[in-house]
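Heads up: the structure comes next, in structure tokens.
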Amino acid sequence: MQVEKFYYDNKIVRAFAYATLVFGVVGMLAGLWAAIQIYYPASSLNLAATTFGRLRPVHTNAIIFAFVGNCIFTGVYYSLQRLCKTRMFSDKLSWIHFWGWQLIIAAAAITLLMGFTTGKEYAELEWPIDIAITLIWVVFGINMFGTIIKRRERHLYVAIWFYIATWVTVAMLHIVNSIEIPVSFMKSYSWYAGVQDALVQWWYGHNAVAFFLTTPILGLMYYFLPKAANRPVYSYRLSIIHFWALIFIYIWAGPHHLLYTSLPDWAQSLGTVFSLMLIFPSWGGMLNGLFTLRGAWDKVREDPVLKFMVVAITCYGMATLEGPLLSLKNINAISHFSDWTIAHVHIGGLGWNGFMAFAMIYYLVPRMWGTTLYSKKLATNHFWLGTIGIILYAVPLYWAGFTQSLMWKSFTEEGQLKFQFLETVTNIIPMYITRSVGGALYLVGALLMAYNVYKTVRQGKFISNEEAEAAPLAKVKSHGKEYWHRVIERKPVTMLIISLIVVGIGGVIEMIPTFLVKSNIPTIASVKPYTPLELQGRDIYVREGCYTCHSQMVRPFRDEVARYGEYSKAGEFVYDHPFQWGSKRTGPDLAREGGKQTDSWHYNHMYDPRSMSPGSIMPAYPWLLDRKIDTASTGAKIRAMQTLGVPYPEGYDKQANRDLMQQADAIASNLQKDKIETMSNVEIIALIAYLQRIGTDIKLAPKPAPVAELK
């Protein structure tokens with residue numbers, strides 16, 4: 001048979017591998033710094049750019065899109081060429097993709113530290129960067145599909161199915177969730193509001209975990225695990241079931257992040273049902289991976305690559321069992337808003353994503369440099385440091401989560417809440433300290449790996465263009481009768497279209513009724529738009545990342561109503577672009593904060609939280625006392641809100657600043673009565689206005705007087 005000689009491009013793989021190592025360390029450093037701030041707030045250095053609220057999204061974006069993202073591209077560019085038996089479609093597109101992605105990462109880090117954020121978790125980047133992500137994702141897609149189309153291998157291996165589903169689904173998720181209206185170059189408002197925004201955000205947020213942190217890594221597992229073990233995949237049939245069931249079911253599960261919230265009950269129930277169904281395809285994939293190693297356990301004991309992969313796949317199985325269990329309402333009532341969720345996420349992040357990235361790089365580097373790994377002993381030490389780090393990270397947070405929930409829900413014999421919220425925070429500080437020790441060990445392991453890779457590279461010689469040969473596709477014939485899935489699996493465009501349909505069904509069924517059926521979001525007549533000053537204050541609240549520690553969603557539980565006030569209603573949030581329900585309570589819920597404290601209390605609390613709440617772990621925000629409100633943007637913000645359907649009077653943008661200053665003067669006057677002298681045009685005034693407004697639109701019935709007062 002006639003064969004053709006060609007060359008694999010290892011230069012692009014090397015570039016993405018180096019980026020994976022660099023951003024892995026950077027992202028872990030940011031995470032460790034944020035973890036230390038939770039129990040030692042002075043470590044924020046009292047700088048606006050390095051408070052927890054700004055550092056936390058830098059950490060999450062760095063790990064998800066910089067570390068794991070570059071890991072995905074490293075693996076795809078290496079495996080796709082070999083699975084298709086061809087060089088990448090375009091070297092130029094490969095490098096546009098690489099440099100475009102790194103520039104996006106740099107822009108993300110800079111803008112988030114500067115406070116430019118949409119306030120939507122895992123989707124905080126502002127609209128110019130969103131557009132850049134879309135363009136670079138299209139470049140990646142063209143390069144990937146161009147490579148698949150010009151392949152010399154007739155059949156598309158299972159790893160490629162996962163790459164295709166990843167590309168099409170991430171594109172859909174990013175575009176739908178990022179629909180926003182620009183106010184200025186680096187400021188926008190989400191097109192959706194309140195309940196609808198929450199549904200779209202967690203449809204995106206859950207499935208970003210599914211289709212960015214799971215499906216492409218599964219593709220890498222299906223390629224690199226058999227290669228490293230030198231054994232075939234355990235079951236091709238199981239891989240088919242795993243793929244199609246996973247991509248269909250996963251997309252429905254987003255609402256399980258919103259249980260007991262103001263989301264309609266039917267949507268919450270759908271999320272729960274499909275989350276439980278996810279156990280079966282997820283564990284099918286896990287077992288397919290582990291059974292691939294049947295008969296190879298002696299090799300696992302010796303090979304650090306396989307050690308990392310076994311623990312990674314085990315963590316995948318643990319996380320994909322725990323996630324569905326957390327979607328059960330009785331368990332979610334305990335776990336949600338607590339550190340249990342943080343532990344769960346990091347089992348997947350540190351164990352599944354991190355260990356698969358480490359295994360892949362340990363596998364690739366010696367082969368691309370034509371040498372052996374510099375030190376298996378260092379790699380094994382890295383493995384144990386990482387494994388112990390994961391345990392020390394997760395176990396204290398599980399403990400913290402249970403402790404938080406038990407303390408939140410404890411009542412005295414007289415029926416009063418047993419603990420103040422701050423007591424539930426200070427009680428678990430030892431767990432936070434232990435968590436940071438685990439994170440530090442994990443980071444040390446990553447640094448060991450960087451050194452090991454450096455020494456491996458120095459002792460080898462890089463193979464930039466790796467020679468290969470294969471027969472042209474036209475000469476590769478099929479063998480006998482083919483099953484239906486074989487026909488689909490060798491047609492990449494058909495598979496893309498079918499994958500899009502399969503993943504789109506769940507989102508359409510959940511979102512359309514929520515948007516179009518008015519009874520799902522009943523309006524409340526007393527709910528009014530924010531005043532211009534309150535709107536500016538809300539933007540400051542979002543800019544400082546307050547949503548990373550505070551929720552604005554009182555769930556219908558006895559303890560939450562007793563602690564915070566009346567449970568939240570769907571109609572309260574119709575003017576919230578974006579919603580601010582939060583996902584973690586490091587601080588108390590703020591949904592009914594308005595009117596609970598005086599203006600001077602809020603002023604002093606933002607200047608020095610411990611002066612008002614001894615033992616508080618909240619950072620100080622002294623710059624708010626001096627920084628001027630950006631009144632030049634008020635008119636544009638009002639016009640943007642009008643475009644989004646917020647019923648400000650026509651032409652109100654022209655007089656908005658007059659009303660803003662009138663309300664600001666009143667707050668400054670209140671502060672003056674408490675001997676606090678401040679200008680009325682500083683940001684603390686706007687933030688106080690917003691905090692005093694939250695939750696006050698609902699006219700609550702007065703609480704019944706105590707029995708002693710009824711006599």
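A Förster distance of 30 Å, applied to the separation of the beta-carbon atoms of Trp384 and Leu325, puts the FRET efficiency at 0.55.
A simple packing score, the average count of other Cβ atoms within 10 Å per residue, orders the peptides 352-365, 608-621 as 352-365, 608-621, with the highest score first. Spacing of the modelled spin labels on Ile497 and Ile142, each 7 Å from Cα toward Cβ, amounts to 2.2 nm. Estimated from helical segments only, the mean residue ellipticity of the chain at 222 nm is -19500 deg cm²/dmol, where each DSSP H run of four or more residues counts as -39500 (n - 2.57). Computing Kirkwood radius over Cα pairs in Å for the structure here picks out one of (1) 26.9; (2) 30.1; (3) 28.1, namely (1). Cross-link reach is defined here as a Cα-Cα straight distance under 16 Å, omitting same-chain residues fewer than 8 places apart; for Lys92 the aspartates and glutamates meeting it are Asp9. Each peptide among 534-541, 395-402, 500-507 gets the average number of other Cβ atoms lying within 10 Å of its residues, and from highest to lowest they stand as 534-541, 395-402, 500-507.
Mean silhouette area of segment 7-151, derived from the convex hull of its C-alpha atoms and averaged over all directions, reads 8.6 nm². You can think of it this way: the chain between Ser90 and Leu447 has 125.2 nm of extra reach, that is 0.36 nm per residue less the Cα-Cα gap. Each of the peptides 93-99, 162-168 was scored by the mean count of other Cβ atoms within 10 Å over its residues; in descending order, highest first, they stand as 162-168, 93-99.
Taking Cβ atoms as reference points and 15 Å as the exclusive limit, the residues near Pro619 contribute a net charge of +2, counting Lys and Arg as +1 and Asp and Glu as -1.
Which GluC sites (Glu not before Pro) does segment 387-443 hold that lie in a coil by DSSP with at most 14 other beta carbons within 10 Å?
Glu413, Glu414
Please tell me which of these pairs span more than 26 angstrom C-alpha to C-alpha: Lys5/Lys307; Lys11/Lys455; Lys409/Lys584? Flagged as over cut-off: Lys5/Lys307. FRET efficiency for the pair Thr643 and Ile463, taken as 1/(1 + (r/R0)^6) with r the Cβ-Cβ distance and R0 = 56 Å, rounds to 0.50.
Could you tell me which of rounded, prolate or oblate describes segment 532-693, using a ≥ b ≥ c as the square roots of the eigenvalues of the alpha-carbon gyration tensor, with rounded for a/c under 1.5 and, failing that, prolate when a/b is larger than b/c and oblate otherwise? Oblate, because a/c is 1.5 or more while a/b does not exceed b/c. A Förster radius of 25 Å combined with the Cβ-Cβ distance from Arg627 to Ile175 puts the calculated FRET efficiency at roughly 0.15. In this rough spin-label picture, where each label sits 7 Å from Cα along the Cβ direction, the Val508-Ile279 distance is 3.1 nm.
Just report the Cα centroid separation between segment 1-79 and segment 369-400, whole Å. First find each Cα centre; the distance between them is then 17 Å.
Given points 7 Å out from each Cα along the Cα-Cβ axis, report the Phe185 to Val527 separation in nanometres with one decimal. Placing both labels 7 Å along Cα→Cβ, they lie 3.6 nm apart. Annotation: aspartates and glutamates with alpha-carbon distance below 16 angstrom to Lys376 (same-chain offsets under eight excluded): Asp298, Glu302, Asp303.
What does the charge count around Ala296 come to, taking other residues whose C-beta lies under 15 Å from its C-beta (Lys +1, Arg +1, Asp -1, Glu -1)? With Lys, Arg at +1 and Asp, Glu at -1, the net is +3. Across the chain, the relative contact order, built from alpha-carbon pairs under 8 Å that are at least six residues apart, equals 17 percent.
Since every read-out is calculated from the coordinates, none of them should be taken as a lab result. All values derive from a computational prediction rather than experimental measurement. For neighbour counting, all protein chains shown are included, and Cβ atoms are generated from backbone atoms with ideal geometry for every residue, glycine included.
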